Structures are given as C-alpha cells and as structure tokens.
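Notes for the one structure printed next.
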Amino acid sequence: MQNFISFHDVDDLDFLVKSALEIKKNPYANSTLGINKTIGLLFLNPSLRTRLSTQKAAQNLGMNVITFNLNNEGWAIEVNEGIVMDGTSSEHIKEAAAVIGQYCDVIGLRSFPGLTDREYDYADTIINKFVQYAGRPILSLESAILHPLQSLTDVITVEELKTKSRPKVVLSWAPHTRALPQAVPNSFSEWMSKAEVDFVITHPKGYELSNEFTQGVKIEYDQDKAFEGADFIYAKNWSSFREYGKILTKDPAWMITEQKMALTDSAKFMHCLPVRRNVVVADEVLDSENSIVIHQAGNREFAAQAVLTEMLKGM
Ligand code: CP
C-alpha cells in the first residue's frame with residue numbers, strides 16, 4: 001500500500017479487516033517489522049483517539065514515532081502556488097512536506113476543512129500537496145473530506161460484533177451545537193456501501209452528502225422508519241454539503257434516545273467520538289449495554305496497525 005487517504009487505496013477490504021482482527025489477537029506478532037522506520041504524526045487540528053491509537057499501532061510494529069502539532073508548533077504554512085509570500089505565512093508546503101519526508105518513512109496528517117469554501121475543501125488540498133511533495137507514503141489521520149482510519153475501524157467493529165450474516169447498519173444524522181465536517185459520514189458511507197451490510201442513511205432534508213460518496217445508498221428521511229429492524233445505529237452530526245458548512249437545524253427530535261433505539265432489533269450504538277452527551281445521544285443510550293463506542297475506539301489501534309503493516313511490507 002502506497003498511501004492511505006481513501007477507500008480506493010485498499011486492494012482487498014476483506015483481507016484488511018481479517019488482518020486487523022488477527023492483529024487484535026496478538027498485537028506484538030510483528031514487533032520488528034518497523035524497526036529503524038519512523039512515522040511522523042502531524043496535526044493541524046486536535047485529536048485524542050487518532051493520535052494515541054496510531055502512535056500505539058506504530059510502536060507495536062517497532063517504529064519510531066514523531067508527533068508534531070504543525071498548526072501551533074511549526075511555521076505558518078502557505079499552500080497556494082506561485083504566491084508572493086509577503087503575508088503571515090513563513091514556509092511553503094512544498095518545502096515543509098519535502099523536509100518532513102527527509103526525517104520520516106511514513107507521514108500521518110490531520111487537516112480539517114474550513115467549511116466556508118466547498119471547492120477548496122473538497123480538493124483536499126493539504127493532504128494532496130503532502131502526497132505531491134513529501135516523497136513518502138501518506139496516512140490520512142482525517143482530511144478535509146475523509147476519515148478512512150475511522151471507517152476501517154467501523155467496518156472491523158461491525159464485522160466483529162454482528163450476529164447476522166448481513167446486518168442492517170443505519171447512519172443517523174444527530175443534532176450538534178457547532179458546524180462539523182462531513183469527513184466521517186462521507187467515509188462511513190463510502191466504506192459501508194462496500195461491506196456485507198444493508199446500509200441506510202437517515203437525515204433531515206438539506207443534509208444530503210456528496211453524491212461522490214453515497215451513490216446507490218438508500219436515504220430515508222424518516223428517522224423512525226430508518227431505525228426499524230436496525231442492528232447497528234451509527235450517530236454523527238455533519239453540516240450541510242449543499243448549503244456548504246451551514247447548520248440548517250438543531251432539532252432535538254433527531255437526538256438518539258432510548259425510545260428511538262427501541263424501534264431497532266436491539267441495535268448496537270456506535271459513534272466515532274468525541275460525542276456531546278444529551279445533544280447527539282442521551283446518557284441512557286451511551287451508558288447502555290448496547291453502546292459499543294469504547295470497544296469501537298479500542299479497535300482504532302488495530303485498524304491503524306493493519307494499514308501500517310501493509311505500508312511497511314511495501315517498503
Ligand atoms: N474519532 C476520532 O477521530 O477521534 P479524535 O478526533 O479524538 O482523533
């Protein structure tokens with residue numbers, strides 16, 4: 001595997017999922033694969049799970065890990081080409097990416113969208129410039145539009161905990177106080193539509209995701225109807241793609257409650273975290289036996305390790 005920035009970088013999803021579940025049984029089985037290899041984990045935005053799980057995964061493989069909060073510890077980065085750099089930016093991404101590539105064998109990068117300019121965000125400029133200039137494999141730690149490590153984790157978690165050969169998986173929009181990116185639902189839709197599941201998305205009108213990631217996916221605007229017979233409920237807020245970055249509603253009726261979960265077939269509750277209690281999901285659901293959010297977060301380590309294993313094997 002060269003880069004891991006979207007579903008399209010994966011040759012064989014089934015193999016990758018099985019590999020992660022094997023790694024989970026013995027995370028140290030390949031503890032020398034990454035000896036004398038360095039991964040740089042670069043963050044332009046905050047992270048708890050991605051940062052710690054990817055560091056742990058790399059260390060399980062014997063890699064050296066450099067973590068760098070590029071946004072506030074490095075020089076201000078310019079991404080536009082051919083520009084006169086007489087403003088606030090001190091370093092061009094051309095040099096920054098290439099220099100980091102001198103120190104690292106793999107580069108992990110997190111870069112959120114601005115949510116004001118759809119064309120710019122959906123060009124996924126920062127991560128694509130790193131692919132262009134770093135000269136090293138790039139591992140997305142969540143880009144402006146995709147979060148593939150999260151979605152691989154989610155596929156692994158459904159595969160691990162399903163009780164039917166083809167479970168019903170529902171991605172439900174839920175309210176939030178702030179405008180959030182579409183990266184998690186875009187990726188979740190892209191990955192789940194390739195998995196052995198019946199996949200449905202439910203959201204209020206106006207929250208349709210980009211067609212690029214939802215082609216062929218069933219959209220159900222009635223949340224109660226979507227929940228009927230579900231085996232997994234995956235809650236997530238996102239801002240509007242059409243009216244780009246806007247919050248169109250904060251309707252609390254879309255919060256995931258015990259009453260809504262009662263419509264399902266004893267569904268497991270999933271969320272990528274962090275989650276706002278009693279805004280996105282009621283305490284009673286998040287604290288219930290059917291909530292698998294901690295288990296899901298635990299699987300982040302094995303998803304990252306499965307991906308890093310493939311990258312290291314190719315070096
Ligand atoms: N789910 C997820 O990516 O969590 P962090 O933002 O804490 O890394």
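Taken over segment 265-293, the residue count meeting the criterion of being farther than 20 Å from LEU149 by Cα and hydrophobic (A, V, I, L, M, F, W, C) is 7. Tallying residues that are open to solvent by 20 Å² or more (accessible area, probe 1.4 Å) and in contact with a strand residue (DSSP E or B) (Cβ under 6 Å, 6 or more places away or on another chain) within segment 109-136 yields 2. Taken together, the residues in segment 37-56 that are away from the ligand (no atom under 13 Å from the Cβ) and either buried (at least 19 other Cβ atoms within 10 Å of the Cβ) or not polar (S, T, N, Q) (or both) amount to 4.
Those helices (runs of 4 or more DSSP H) of segment 25-122 in which 2 or more residues are at pLDDT below 95 and within 23 Å of the chain's Cα centre (by Cα) occupy 70-73. Residues of segment 121-164 that are under 21 Å from ILE100 (Cα atoms) and either among the aliphatic types (A, V, I, L, M) or within 16 Å of the ligand (Cβ to nearest atom) (or both): ILE126, ILE127, VAL131, ALA134, ILE138, LEU139, SER140, LEU141, GLU142, SER143, ALA144. Counting only helices (runs of 4 or more DSSP H) that sit wholly inside segment 247-300, those with at least 1 residues that are within 16 Å of the ligand (Cβ to nearest atom) and within 22 Å of THR163 (Cα to Cα) are 283-286, 293-298. PRO175 - would you say it is surrounded by 16 or more Cβ atoms within 10 Å (Cβ to Cβ), modelled with pLDDT of 95 or more and touching a strand residue (DSSP E or B) at 6+ places or on another chain (Cβ under 7 Å)? Judged against the criteria, PRO175 is not a match. When THR163 is tested against the conditions (1) surrounded by fewer than 22 Cβ atoms within 10 Å (Cβ to Cβ); (2) among the polar types (S, T, N, Q); (3) farther than 23 Å from VAL217 by Cα, the lone failure is (3). Look through segment 210-225, keep the residues that are in contact with a Lys or Arg (Cβ under 8 Å, 6 or more places away or on another chain) and either closer than 15 Å to VAL281 by Cβ or of a type in the set (Phe, Trp, Tyr) (or both), and return whichever of them is most open to solvent (accessible area, probe 1.4 Å). By that ranking, first place goes to TYR221. Out of all the residues in segment 87-107, is one or more open to solvent by less than 10 Å² (accessible area, probe 1.4 Å) and within 16 Å of the ligand (Cβ to nearest atom)? No, there is no match, as no residue in segment 87-107 is open to solvent by less than 10 Å² (accessible area, probe 1.4 Å) and within 16 Å of the ligand (Cβ to nearest atom). Here is the figure for segment 181-225: residues that are small (Gly, Ala, Ser) and assigned to a helix (DSSP H, G or I) total 3. The one condition from (1) out of contact with any strand residue (DSSP E or B) (no Cβ under 7 Å at 6 or more places or on another chain); (2) within 19 Å of ARG49 (Cβ to Cβ) that TYR234 does not meet is (1).
Residues in segment 226-246 that are part of a loop (DSSP other than H, G, I, E, B) and open to solvent by less than 70 Å² (accessible area, probe 1.4 Å): 10 in all.
The values are calculated or read from the model by the stated rules, or taken from the named source; none is laboratory data. Treat the numbers as computed from the prediction; the structure is a model and nothing was measured. Backbone-built Cβ (ideal geometry, glycine too); neighbour counts: all protein chains shown. Please note that ligands, DNA and RNA were not included when accessible areas were found on the heavy atoms of the full protein model with its side chains. Shrake-Rupley method; radii C 1.70, N 1.55, O 1.52, S 1.80 Å.
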